[in-house]
Amino acid sequence: MKAATSDEYKILGTRPIRHDGADKVTGKAKYGADVQFANLAHGKILRSPHAHARIKSIDTSAAEKVPGVFAVITANDFPDPQDKIADLGEGPVTLSHLGSNVMARGKVLYKGHAVAAVAATSTHVAEQALNLIQVDYEILEPVLWVLDAMAEDAPLLHENVFTDSMGEASEKPSNIEKHLHFEKGDIEQGFAEADIVIEREFKTASVHQGYIEPHVATADWNEDGQLRIWTSTQGSFTVRHQTAELVGIPLSRVTVYPCEIGGGFGGKIAVYLQPVAALLSRKSGRPVKLVMQRDEVFEGTGPTPGSFVRVKLGAKNDGTLTAGKAWIAFDAGAFPGGPIGPGCMCVFSCYDLPHATVDGYNVCNNKPKTQAYRAPGSTHVAYATENVLDEIAGELDLDPLDLRLKNAVKEGSRRVDGPVYPEIGCVEVLEAVKNSEHWNAPLEGPYRGRGLALGFWFNCGLKSSATANVNTDGTVTLIEGSTDIGGSRTSLAMQLAETLGLTAEEIHPQVADTDSVGYTDVTGGSRVTFATGLAVCKAGEDIQKQMRQQAAVLWDCDANEIEISGSTFSRNGNSISFQELAAKQLQLGEPIVGRATVAPDCSTNGFGAHIADVEVDPETGKTTVLRYTAIQDAGKAIHPSYVEGQMQGGAVQGIGWALNEEYFFGDAGDMKNASFLDYRMPTCLDVPMIETIIVEVPNPDHPFGVRGVGETPIVPPPAAITIAIHNATGVYMRELPASPPRLWKALQEA
Amino acid sequence: MKNFEYAAPANVESATALLEKYGDAAKILAGGTDIIVQLREGLRAADVVIDIKNIPEIVDYQYSADVGLQLGAATPCYRIYGDEELAKAYPAVLDSTRIIGGWQIQSRASVGGNLCNASPAADSIPSLIAHQATCHIAGPHGRRSVAAQDFCTGPGRNTLEQGEMLVALTLPPSKPNSGSAYLRFIPRNEMDIAVVGAASWVQLDDSGESIQSGRIALAAVAPVPLYAEEASSWLSGQPATAATFVEAGELAKNIVSPISDMRGTAEYRQHLVGVLVKRTLKIAVERARTNQ
Ligand SMILES: Cc1cc2nc3c(=O)[nH]c(=O)nc-3n(C[C@H](O)[C@H](O)[C@H](O)COP(=O)(O)OP(=O)(O)OC[C@H]3O[C@@H](n4cnc5c(N)ncnc54)[C@H](O)[C@@H]3O)c2cc1C
């Protein structure tokens, strides 16, 4: 399909006010914490004070006797899932692991692991009852650092986890849950052809998604056995499925009502509170609400893996890369699963390497079970590869941008894990860097430096449904199932408006519950504007087909004879507008309802490059970001403000990851900084206005060319920032965060 | 958090009577920006919370150039930095009150509360010490006073006995040719706890070239905020030059005993003492020269 230019469109590329804007700025929008019922009970969760311990016994009898307590539950109240494996939409999940993470069974595997829960008249009464629950622990040695957990003699988390090495299971149980291996070409030959070979090791700390809104769920187990759940989630259908499996009822008995959501970034896909609230509700006979406090969010929900990454690159003197080798170890946290696959696939995803091997290990350790976080796995590996590449540019005295351009992947390049890229925008993104004002602006002064880094994320398709009801006043109600985290309601409405020749305001988008819309996968993988957008466009075409038929009734002709241009239906000099036709629909025939379901099986391939200017205070090791620009291929920016917002948000999260954010653990494996005070996410005073440049290389798999944009922008920042620090100080920071104490120390030792 | 009684006495005597009656089960509420958080998080517990903001002398301040500052213990920060005369007389205190939390916190938080909370990292205490503040305490058996540097006795602990409360702080009148400054090091640019804090006060001779006397105080490098006595007295008679500032910083390092934690290593904190003493002395001298 041909590349569309912006002026072909009436709606796309404009910036209408978001449909949910008024409710959000006036405080009327309903978030999970706003859910209220007359007889609502309030729940609290008892969490493990130990990072690794066997639960010898739990005595809840004293807690049950506290006046005002309605129900107390432990893992014993959940059905035993035994060895059942369920496909929860994102690949197979061992239910016992999922369930044991929601409520510890036999062992606690991280500090903050849930062991019991109480529902009572108020959270204060519930807290009082929690204090009376007696848990007898046998404390075990914890293991936190990923390489330590891989050692032969490391404390073992699970007796029933064996290393899956490319399909083969290990003989002995192991913390190493998975070993992946990818190769392309002949690695020996590749390094032999190189004039320069550099190999470096990188470490990153666990970091959290840091959404403002804590996890929250309210469940009402009705007398008729129907379970209703109001919650903050990235995917109401996956919550329905996970909860049904864990509490042991058919999924049709669960309805999930997604509330407005205050951020997720991948961390609000797995269930934590929903099944607990459900069982508390069943036991107490009342609706039960559970809300996490911030320390529970940090200690009990998914960080992204801490990691160890070794990258070796070979290049010819002219900068042509000849070979790459990577060895990657990621934390899984308490239970198997995590982004080691994407980590392996992304480590060399921006560069055309003729010869490469990648080995990846996913390792259980005594941290909260890791969860997806924006481009999961890609940031860790880009940090490593981009820094090694920068060092090669330095050694060969080549321009870092030219070196990247020379080796950038293009249509036809094959990644180490196999896929061959279709039309992509990697080169176009780098060219936009080259032409940018920022890249060409001088940066002067002592202890100042500029860094450039490239990043990639696949962006997935998955499944979406949409229904669109044409109202007799000429507007359209759009019903879809993608919970709206980044303004997707408006981006979807705009695609329908463009299809039908209407304005964005004439579309009324609604995010529906699981009983009111067709199956829709999570808001994740940067897929919504692309895939749900695809469903919305098709629903629009379905509407046009039905309206053409009604016009045919009106003019007594064949539907094929009717032409549609924008919102006008015409034939032989007769014409009628969408609005007029909509008004007549009930006279002319059946109500008009468009519907579509899609399952695009493709990546939309998002590339981005970031430019960071920093200044380092050599006396304190503190880095100030002076200027920052994010450049990204969006395919087609439907609502440019939301694309820019994603680029800025991802960049800021990545800057936090680079400079200050980390889980700081004590010797006992206890997180010491489980608050926004000491888990230092950047505030608005810590970052400059993030400048953005949107590149548009249309995606051939979408009628408007949309690619996903949400995740790529978190990939380049740690690399861009550390490269900038190197240019400012001469020191490469190969461990994140490059916090002031660490950078000061590195400067001392340099 | 468990339920508690709330009392709002109208004078100091009623407040100390309540404090004596309930002992440790009573907690004073000034701005509440520490105590409410601590009660909610279960770090402290109270049967009765005594709000002292109805006591007129505790929520107000008086200043005159001759007598100095009498600062009611619960006067919120914004009142202090909103007063230009105070800004000139006690610049370090102003620096401190401007960085405690954000606007919302500053409209409630008090210097007295900051002192009584006795955090080793409290941002106002070094400035109080540098400005030679005196703490005025009322109790069931009368009133007494102690120097600011003797008020804190450990992390979260202070010199107050059962039944006692802090009523006011007094700061001596500003001396000619004097200036002061407070700086803290934080990894971010706001909403953070000092990794190290330092306040310096200096009085220059009439030429403005040499230091007549100086006071240096430190936070977050020991169980309590510290008065750096040796470094301070060494300053007398030294030229107001960069080399002096560096040397004073080196001397100040001798008295610290920092810990390593998530905010920084002991080694790093010790190093920062030198940096911050040097930087605050430089600003204090500049202010002494221009602040006439
Ligand atoms: C978001 C946030 C940011 C913050 N940022 C900073 C910061 O940057 N720097 C900093 O130093 N602090 C900071 N704090 C801590 C706090 O705001 C300060 O310590 C503040 O000065 C406390 O004053 P207050 O009046 O609110 O004290 P309160 O909370 O009312 O009292 C503090 C303690 O002192 C006791 N107390 C109060 N008055 C008296 C009295 N007259 N006699 C005896 N005991 C008394 C109370 O019982 C309590 O134990 C922050 C707090 C929050 C919530």
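In the stretch A:520-549, how many are surrounded by fewer than 23 Cβ atoms within 10 Å (Cβ to Cβ) and over 13 Å from A:PRO600 (Cβ atoms)?
Count: 7.
Report, by residue number, each residue of the stretch B:87-110 that is aliphatic (A, V, I, L, M), at pLDDT 95 or above and either more than 6 Å from the ligand (Cβ to nearest atom) or surrounded by 24 or more Cβ atoms within 10 Å (Cβ to Cβ) (or both).
B:ALA89, B:ALA92, B:VAL93, B:LEU94, B:ALA109
Any idea which residue in the stretch A:674-688 is surrounded by the fewest Cβ atoms within 10 Å (Cβ to Cβ), counting only those that are within 8 Å of another protein chain (Cβ to nearest Cβ) and free of Cβ contacts under 8 Å to residues at least 60 places away in the same chain?
Out of the qualifying residues, it is A:LEU685.
Does the stretch A:25-69 hold any residues that are in a strand (DSSP E or B) and open to solvent by less than 60 Å² (accessible area, probe 1.4 Å), and which are they?
Hits for the stretch A:25-69 are A:ALA41, A:HIS42, A:GLY43, A:LYS44, A:ILE45, A:LEU46, A:ARG47, A:ALA53, A:ILE55, A:SER57, A:ILE58, A:VAL69.
Output yes when any residue across the stretch A:137-149 is part of a helix (DSSP H, G or I), in contact (Cβ under 8 Å) with a residue 60 or more places away in the chain and open to solvent by less than 30 Å² (accessible area, probe 1.4 Å), and no when none is.
For the stretch A:137-149, residues part of a helix (DSSP H, G or I), in contact (Cβ under 8 Å) with a residue 60 or more places away in the chain and open to solvent by less than 30 Å² (accessible area, probe 1.4 Å): present.
If you scan the stretch B:255-292, which residues turn out to be among the small types (Gly, Ala, Ser), within 12 Å of another protein chain (Cβ to nearest Cβ) and crowded, with 19+ Cβ neighbours inside 10 Å?
Passing the criteria: B:GLY264, B:GLY274.
How many residues does the stretch A:267-314 hold that are in a helix (DSSP H, G or I), over 24 Å from A:PHE330 (Cα atoms), open to solvent by 10 Å² or more (accessible area, probe 1.4 Å) and touching a Phe, Trp or Tyr at 6+ places or on another chain (Cβ under 9 Å)?
4
Could you figure out which of (1) under 22 Å from A:HIS610 (Cβ atoms); (2) open to solvent by less than 10 Å² (accessible area, probe 1.4 Å) isn't true of A:GLN646?
It fails just one condition, (2).
Restricting attention to the stretch B:187-220, which residues are within 14 Å of chain A (Cβ to nearest Cβ) and buried (at least 24 other Cβ atoms within 10 Å of the Cβ)?
Across the stretch B:187-220, the qualifying residues are B:ALA194, B:VAL195, B:VAL196, B:GLY197, B:ALA198, B:ALA220.
State yes or no: is B:TYR81 under 22 Å from B:VAL202 (Cβ atoms) and either more than 7 Å from the ligand (Cβ to nearest atom) or within 14 Å of another protein chain (Cβ to nearest Cβ) (or both)?
yes
If you check B:GLY237 against the conditions, is it surrounded by fewer than 22 Cβ atoms within 10 Å (Cβ to Cβ), within 16 Å of the ligand (Cβ to nearest atom) and not assigned by TED's automatic domain parsing to the domain that holds B:ILE35?
So B:GLY237 fails the test.
Yes or no: B:ASP51 away from every other protein chain (no Cβ under 14 Å), within 13 Å of the ligand (Cβ to nearest atom) and of a type outside the set (S, T, N, Q)?
In short, yes.
A quick yes/no check of all residues on (1) assigned by TED's automatic domain parsing to the domain that holds B:PRO223; (2) aromatic (Phe, Trp, Tyr); (3) modelled with pLDDT under 95; (4) within 22 Å of B:ALA198 (Cα to Cα):
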| site | (1), (2), (3), (4) |
| --- | --- |
| B:ARG40 | no, no, yes, no |
| B:GLN70 | no, no, no, no |
| B:CYS77 | no, no, no, yes |
| B:CYS116 | no, no, no, yes |
| B:ILE137 | no, no, no, no |
| B:HIS141 | no, no, yes, no |
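I'd like to check which strands (runs of 3 or more DSSP E) are fully inside the stretch B:111-175 and have at least 3 residues that are within 12 Å of the ligand (Cβ to nearest atom), away from chain A (no Cβ under 14 Å) and open to solvent by less than 10 Å² (accessible area, probe 1.4 Å).
Once the strands (runs of 3 or more DSSP E) in the stretch B:111-175 are filtered for at least 3 residues that are within 12 Å of the ligand (Cβ to nearest atom), away from chain A (no Cβ under 14 Å) and open to solvent by less than 10 Å² (accessible area, probe 1.4 Å), what remains is B:134-139, B:165-171.
Residue-wise test of (1) farther than 19 Å from A:GLY566 by Cα; (2) hydrophobic (A, V, I, L, M, F, W, C); (3) at pLDDT 95 or above.
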{"position": "A:VAL470", "(1), (2), (3)": "no, yes, yes"}
{"position": "A:ASP473", "(1), (2), (3)": "no, no, yes"}
{"position": "A:VAL476", "(1), (2), (3)": "no, yes, yes"}
{"position": "A:SER482", "(1), (2), (3)": "yes, no, yes"}
{"position": "A:THR490", "(1), (2), (3)": "yes, no, yes"}
{"position": "A:THR503", "(1), (2), (3)": "no, no, yes"}
{"position": "A:ALA512", "(1), (2), (3)": "yes, yes, yes"}
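Is there any pair with a first residue in the stretch B:9-28 that is within 22 Å of B:LEU39 (Cβ to Cβ) and a second that is of a type in the set (S, T, N, Q) and open to solvent by 10 Å² or more (accessible area, probe 1.4 Å) whose Cβ atoms are under 7 Å apart and which are 6 or more apart or on different chains, and what are they?
As it stands, the answer is B:PRO9/B:ASN54; B:GLU20/B:GLN162; B:GLY23/B:GLN162, since those pairs meet every condition given.
One line per residue, one yes/no per condition, for (1) part of a loop (DSSP other than H, G, I, E, B); (2) away from chain B (no Cβ under 12 Å):
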{"position": "A:LEU626", "(1), (2)": "no, yes"}
{"position": "A:ALA637", "(1), (2)": "yes, yes"}
{"position": "A:TYR642", "(1), (2)": "no, yes"}
{"position": "A:GLN648", "(1), (2)": "no, yes"}
{"position": "A:GLU662", "(1), (2)": "yes, no"}
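The values are calculated or read from the model by the stated rules, or taken from the named source; none is laboratory data. Fair warning: this is a prediction, and the values are worked out from it, not measured in the lab. Note: ideal-geometry Cβ built from the backbone for every residue, glycine included; neighbour counts use all protein chains shown. For accessibility, only protein heavy atoms count, side chains too; no ligands or nucleic acids. Shrake-Rupley method; radii C 1.70, N 1.55, O 1.52, S 1.80 Å.
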